[in-house]
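Visitor: To start, I am sharing the structure in question, which I have written as structure tokens.
The values are calculated or read from the model by the stated rules, or taken from the named source; none is laboratory data. Just so it is clear, the model here is predicted, and its values are computed rather than measured. Here the Cβ positions follow ideal geometry from the backbone for every residue, glycine too, while neighbour counts run over all protein chains shown.
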Amino acid sequence: MKRVRRLLIPAEHPSSVLTIAASVGILVLGAAGLIGWQLKAQTLPAESQNVSPYTKWLNDDVAYIINDQERIVFRGLRTDEERNHIIEQFWLRRDPTPGTPENEHKEEHYRRVQYANDHFGSTVPGWKTDRGRIYIVFGPPDERHEYRNGDATTPYPLDRWKFRLIEGIGNDVTIEFVDPTRSGEYHMTMDPNPPPEIGRRQPR
């Protein structure tokens, strides 16, 4: 404010009309920039606002691997101490080598999330896409074929994944993703007899 006051109303020397006009212009531009920044901050998506780390953990980090009962229990907690304890137990139950400092399951899960974000993102984060979801839950496919211009089955960009085995689902499971809008957003196609576990999204 002192600097602005000195620009507009010098203490000793009267300013020229040109100087005053330039100063007013700076103020107008500065005010416009501030208003624009405030409007942008008000319209930012929820993901960029301050979100509780526990809400992020539940709805983002483990959205596809937490089961219904675990989700209900977590939502019923009232203190951060309880939440931290439940999160610790969540990963311990999935640790293939309990008693060791490393939790390979946890490390692999977050590696998959990062890979999905790095490779499958478009207008939404990679972990929220169909390809990201399948990659996080089942890991990398044993075979993958990308067709940028489609193939005999579709004229759209196609990404076909094959898993030799998915526990509880079967052998030689093929999953296809197509991009009908050619925007980089691939969607999983509907198989005539899709395994229900693959098409099911965890409730939010």
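Visitor: Report whether or not ASP95 is more than 24 Å from PRO157 (Cβ to Cβ), in a helix (DSSP H, G or I) and among the charged types (D, E, K, R). Even if it seems obvious, please write down each step before you answer.
Guide: Numbers: more than 24 Å from PRO157 (Cβ to Cβ): yes; in a helix (DSSP H, G or I): no; among the charged types (D, E, K, R): yes.
No; evaluated as a whole, the condition is false for this residue.
Visitor: Determine the pairs where a residue that is farther than 13 Å from PHE90 by Cα, located within region 67-78, has a partner that is in a helix (DSSP H, G or I) with Cβ atoms under 8 Å apart, the partner being 6 or more residues away or on another chain.
Guide: ARG75/LEU58; LEU77/ARG83; LEU77/ILE86
Visitor: Right, next: Answer yes if at least one residue in region 102-110 is in contact (Cβ under 8 Å) with a residue 40 or more places away in the chain, surrounded by 15 or more Cβ atoms within 10 Å (Cβ to Cβ), under 25 Å from GLU185 (Cα atoms) and outside the structural domain of ARG144 (by TED's automatic domain parsing), and no otherwise.
Guide: The answer is no; no qualifying residue exists.
Visitor: Give PRO96, PRO141 a once-over and let me know the one that is surrounded by fewer than 12 Cβ atoms within 10 Å (Cβ to Cβ) and touching a helix residue (DSSP H, G or I) at 6+ places or on another chain (Cβ under 9 Å).
Guide: On the way: PRO141 fails: surrounded by fewer than 12 Cβ atoms within 10 Å (Cβ to Cβ).
Unique residue meeting the criteria: PRO96.
Visitor: Quick one: GLN89 ticks every box in (1) in a loop (DSSP other than H, G, I, E, B); (2) over 20 Å from the mean Cα position of the chain (by Cα) except a single one, so which number is it?
Guide: Status for GLN89: all satisfied but (1).
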